[in-house]
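See structure below.
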Amino acid sequence: MFSAKKLSLLVLACAALGGVAAHAQVAMLSGDAIRKLISGKRVYLAVPLGGEFPLRYQPNGIVAGSGDGVGLGRFMQPKDDGRWWVADNRLCQQWKSWYDGKTFCFTISQTGPKTIAWKRDDGYAGTARIVD
């Protein structure tokens, strides 16, 4: 089992490999639009080689994630939960164990009816699809 630090490096590597260029032509969503788009939904982050990493954003501010579907259980704690909130037109989240509990915030751009592009405050970026 990987330590939280190794988990961070693994997830960062996945984000870097699966990252996309910023979508300059697509407007970033406001805080209210972000909240409406993801609250109560599953967000499937695209990962390298076609996999997806599911996150469940509950209306009460809890976010739950599982790496079981992409085979991360061999390398890290496959499941974690934490908190999510919207601040300054960015989606923020903090996990209990993943990323050593560090808070990250993301700008979100809607690229389709159920698809988004995200950019984390440390520069990593990617795409995701949203399911009710």
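The values are calculated or read from the model by the stated rules, or taken from the named source; none is laboratory data. All of these numbers come straight from a predicted model, not from anything done at the bench. Reconstructed Cβ throughout: ideal geometry from the backbone, glycine too, with neighbour counts over all protein chains shown.
The table for this structure:
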{"item": "Pair list, Cβ < 9 Å and 6+ apart or interchain, from segment 34-53 residues that are more than 15 Å from I116 (Cβ to Cβ) and free of Cβ contacts under 8 Å to residues at least 40 places away in the same chain to residues that are part of a loop (DSSP other than H, G, I, E, B) and not hydroxyl-bearing (S, T, Y)", "result": "G51/G71"}
{"item": "Every residue from segment 86-105 that is modelled with pLDDT of 95 or more, touching a helix residue (DSSP H, G or I) at 6+ places or on another chain (Cβ under 9 Å) and among the hydrophobic types (A, V, I, L, M, F, W, C)", "result": "V86, A87, L91, W95"}
{"item": "Among (1) at pLDDT below 95; (2) within 18 Å of R129 (Cβ to Cβ), the one test that G71 misses", "result": "(2)"}
